[in-house]
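First comes the structure, then the notes that go with it.
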Amino acid sequence: MGIFGLGLIAVVGLVLVLTGLPAYCVLIFAAVIGACGAVLIGGVSVAVLGSLSARLVNLLESDLLQALPLFVLMGVLLNRMSVAPAVFRTLLWLLPKRPGAPLVAGLGLGALLGPMSGSVGASILALARAVEPSLCAAGVPAPLRQATIAVAGTLGVVVPPSLVLILLGDAMLSAHTLAINATARADRVINTQDVLRAAIVPAALFLLLSFAVGWISADRSAAGTSPSTGEGPPTWGEVALSILAVVFLALLLGGVAGGYIFAVEGAATGAVMLLAAGVLTRRIEHRQLGSMLSETMATAGTLFAPLLAATTFTLALRLLGTDKLIEGWINGFAGGDVAVCAAVLAAIFIAAFVLDAFEIIFVAVPILIPPLLIRIPDAVWVAALVLLTLQASFLLPPVGYALMMTRGLLGSSAPIGTFARSLAPFLAVQALVMVLTLSFPRIVHLLEPPDSQARGIVGPPLSTQDVEKKLLEMLPPPPLLPGVEK
């Protein structure tokens, strides 16, 4: 029956490519076929399917998922308050007057606003409005400015605390729990905070290298011409708005990524403060509230619908035994941790041809990652690598979602080959960060607390006598009898 489940996965990919139907519709349809097949040919009781309702209820009871619509609302508020153009103009004013300044400013804006935009598509839309006219006025060639916007739009994937990071953290928690239960290891189950902390160093490295690539690429493309940013100086109001927005977002995102603020609390605080600021500065009027809430609910719905559908589909795959089949393949894979991890990441990368990052988290991670964590105990390292793979999937020529979205919005007529050549240095940087993270797992542990238990590392197993001794030490002392001195 496991092979039947693999066939369903292939059918899902083909239907998505050939029809363009919403992913949640295809996943639900495939789940129904899989469940019927499990009952008819596998001897699975129909009563087992009743666990689906409890599975969905438990999923929606997660406090972490409440942060998703709140972060989406923050992104909507930032767009309505026109924060992005003000920050971009201020960054251009602060940077040296060089051809690479607009590209670096655009990348910095993507890193700042991307985590709250709700999706890569929303980030690219905001950047296309705020950045593309300035890049065009500065004389940046069309392929290079489109590549810059596409890369900047994906920075929200790896910069904490993005929606992709939050969803991946929740998926990794479930996968790690399954792996620990299967192996009876005494590891501490990782949480979203661990994933956020692990992503900081690779994300910072990729961002810095992208700045260098953008600066050098623009200088080469503008060789022999006078540097121009195509922008006048910002107004003092724009400077003040930019400073306040950057400080507020840096403190908020830093607090969430550093573990000082819970994601839900941070998102709620950010949404309320942005709404209050927008109303007080008259950048948001009461008649806009309805449309903003509708946009927020629509974006959040596009995240929750595939999540529920994928949960149903993965239940059908487990009933068919597909997860056990994949677990056997991973356990029998020849090579060390790096080799087997690279093989699983390659499978996730291939899935990016037909699935976007959210769908990969909902479908591929619950199937591929638990058996990988049975073999590899470093769940934080695996999570960081999966995150980098998901970001790369958005920039995968020629079908990467960020590339198609950028070319569609900007109406590009340049051949895909020319576009790919402008994108190649950024892809090389991305591959370098991936190789470094894969080769040196210590990178993702640099910001962890010094105690070994926080890293999920346990000491040697205790003997029965040691366990009994520790339990006795934890018991309260017996009460003293009357008349008996201590």
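Read the figures in this text as sums done on the coordinates, not as results from a lab. Note that the coordinates shown come from a computational prediction; the quantities given were computed from them, not determined experimentally. Glycine gets a Cβ as well: all are built from the backbone with ideal geometry, and neighbour counts include every protein chain shown.
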Study note, to complete from the structure: M404 and N58 label points (each 7 Å along its Cα→Cβ direction) are spaced in nm at 3.5 nm
Exercise for review: Per residue of the range 434-443, in order, report the coupling 6.51 cos²θ - 1.76 cosθ + 1.60 (Karplus, θ = phi - 60°) as ³J(HN,Hα) in whole Hz, putting x for Gly and Pro.
Suggested key: 5, 5, 4, 5, 5, 7, 10, x, 4, 4
Exercise for review: Note the full-extension length gain between H286 and R421 as 0.36 nm times their separation in residues minus their Cα-Cα distance, in nm to one decimal.
Suggested key: 43.9 nm
**Study point:** Full-stretch length increase - L251, A305 - with 0.36 nm per residue and alpha-carbon distance subtracted
**Key:** 16.3 nm
Practice item. Just grab the label-to-label distance for S82 and I243, each label 7 Å out from Cα along the Cβ direction, in nm (one decimal). Key: 2.1 nm
**Study point:** Table column - 3J(HN,Hα) (Hz), the range 203-209, Karplus curve with 6.51, -1.76, 1.60, x for Gly and Pro
**Key:** 5, 5, 5, 5, 5, 5, 5
Check your understanding: Can you give me the Cα centroid spacing of the range 364-429 and the range 269-330 in angstrom?
Key -> 20 Å
Exercise for review: Set the Förster distance to 56 Å, then compute FRET efficiency between W236 and A339 from the Cβ-Cβ distance, nearest 0.05.
Suggested key: 0.45
Practice item. Evaluate the distance, in nm, between pseudo-label points positioned 7 Å from the Cα of T183 and of I3 along their respective Cα→Cβ axes. Key: 3.1 nm
Check your understanding: Whole-Hz Karplus ³J(HN,Hα) for the range 176-187, in order, using 6.51 cos²θ - 1.76 cosθ + 1.60 and θ = phi - 60°, x for Gly and Pro?
Key -> 5, 4, 4, 5, 5, 5, 6, 9, 6, 6, 9, 5
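What value, in deg cm²/dmol to 500, does the helix sum -39500 (n - 2.57) over DSSP H runs of n ≥ 4 give at 222 nm once divided by the residues of the chain? Let's see the in-between values first.
On the way: 21 runs with 342 residues, N = 486.
The per-residue figure over the chain is -23500 deg cm²/dmol.
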**Study point:** Read-out semi-axes √(5λ) of the Cα gyration tensor in Å, derived from the coordinates shown; its label in (1) 40, 24, 22; (2) 60, 22, 19; (3) 41, 29, 23
**Key:** (3)
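As an exercise, identify the GluC sites (Glu not before Pro) in the range 246-314 lying in DSSP coil whose Cβ has no more than 12 other Cβ atoms within 10 Å.
Numbers: sites: E265, E285, E295; in loops: E285.
Here the GluC sites (Glu not before Pro) that fit, given the DSSP loop and packing criteria, are E285.
Between V46 and A10, what FRET efficiency follows from the Cβ-Cβ distance if R0 is 25 Å, with the result rounded to 0.05? Before the final figure, lay out the partial values.
Details: r = 26 Å, r/R0 = 1.05.
The value I calculate is 0.45.
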Point to revise | Pairwise FRET efficiency - L95 versus R129, Cβ, R0 = 22 Å, nearest 0.05 | key: 0.60
